[in-house]
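Below: the structure, in structure tokens.
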Amino acid sequence: LVQVGTTDPDLSQLLSWKQQGRPPPVEEQVGLSVGLQQLLREWDKFEVGQDACSQILVPSAHTKTLWQEYHIEGGHPSAERTLSLLKERFFWYRMRRDSIGKAAECPRCVVYKAGPKVIAPLVPIETSYPFHMVGIDFLSLGHPGDTHPYILVMTNLFSKYALAVPTRDPTAATTAKAVWKNLFQVYGSPEYILSDRGAAFTSDLFQQLGLLYGCRMKRTMAYHPQGNGACERFNQTLLKLLGTLTDEAQFHMAPLSCMQCQCVKKLSTCDVCL
């Protein structure tokens, strides 16, 4: 306190009163700064000198520099961790507020340490009967040179029954043909088709196919796969199953792997999808 007291108006006054051995009268404290009034409330905790000193009282002009030394040089810990490190040796008025505020304004923490993501509760899509709504999505196996590197997955959201159709490309014509041949001609037209905003699903050709068969198209929000969660979840299961096969067998085994997934009892329906 002796070393830093002369550089700060509030600490200079506090040092003077400490050397006198008594705080100012209550009526004289009315015109003091808010910070100094708060320090006077902790009067018995302050000592002049270095003997048995657990925390150093830091003047306001040095708090920013001190915080940067502990936060930036310490590898950008969180606001609470930075505060914990500082409190081991230092103290100043509104220490917690300053630490949290400075951490929120740290450029590197803002870029590389995003805040906690608020996740909305899951709300399942309600369907009334089989093929009331079908979710569709493309999977890419990612093997260069494959004749059919893409898989069009169509999932019945009522029973979780799914179809996997290997395709050469994800174009609008290929998508419309695969849906017409493997879904409409076999099971009939669903009332709704739920998809993301991929070019094949938003194309005029695909929209005209839906109008022709009386099927209404629904789309998820952009970059929000949770909107088609049942289809995305089956995609993960199918990819894990195909990943156990060789690259050559994945194209031929995709429909059979899809059928194998459907022979297992689903926890959501307590039944198989057949």
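The values are calculated or read from the model by the stated rules, or taken from the named source; none is laboratory data. Note that the structure is predicted; figures quoted are calculated from it, not measured. Neighbour counts are summed over all protein chains in view; Cβ atoms, including those assigned to glycine, are modelled from backbone coordinates with ideal geometry.
Is it the case that residue 145 is outside any strand (DSSP E or B), surrounded by 17 or more Cβ atoms within 10 Å (Cβ to Cβ) and either of a type in the set (A, V, I, L, M) or without any contact (Cβ under 8 Å) to a residue 40 or more places away in the chain (or both)? So residue 145 does not fit the description; no. Scanning the range 180-198 turns up at least one residue that is over 18 Å from residue 255 (Cβ atoms) and polar (S, T, N, Q).
For the range 190-225, the set of residues classified as in contact (Cβ under 8 Å) with a residue 60 or more places away in the chain and of a type in the set (S, T, N, Q) consists of 195 only.
Please enumerate the residues belonging to the range 205-245 that are in a helix (DSSP H, G or I) and touching a helix residue (DSSP H, G or I) at 6+ places or on another chain (Cβ under 8 Å). Across the range 205-245, the qualifying residues are 205, 206, 209, 213, 225, 226, 232, 234, 237, 238, 241, 242.
Residue-by-condition table, conditions (1) closer than 17 Å to residue 230 by Cα; (2) crowded, with 17+ Cβ neighbours inside 10 Å; (3) in the same structural domain as residue 216 (by TED's automatic domain parsing):
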| site | (1), (2), (3) |
| --- | --- |
| 149 | no, yes, yes |
| 160 | yes, yes, yes |
| 168 | no, no, yes |
| 173 | no, no, yes |
| 190 | yes, yes, yes |
| 197 | yes, no, yes |
| 202 | no, no, yes |
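Taking the criterion of being among the hydrophobic types (A, V, I, L, M, F, W, C), farther than 22 Å from residue 206 by Cβ and outside the structural domain of residue 165 (by TED's automatic domain parsing), the residues of the range 122-141 that qualify are 122, 123.
How about the range 31-77: which of its residues are β-branched (Val, Ile, Thr), surrounded by 13 or more Cβ atoms within 10 Å (Cβ to Cβ), modelled with pLDDT under 85 and under 41 Å from the mean Cα position of the chain (by Cα)? Once the filter is applied, which keeps residues that are β-branched (Val, Ile, Thr), surrounded by 13 or more Cβ atoms within 10 Å (Cβ to Cβ), modelled with pLDDT under 85 and under 41 Å from the mean Cα position of the chain (by Cα), the range 31-77 yields 56, 58, 63. Of the set (1) at pLDDT 95 or above; (2) more than 20 Å from residue 230 (Cα to Cα), all apply to residue 179 but (2).
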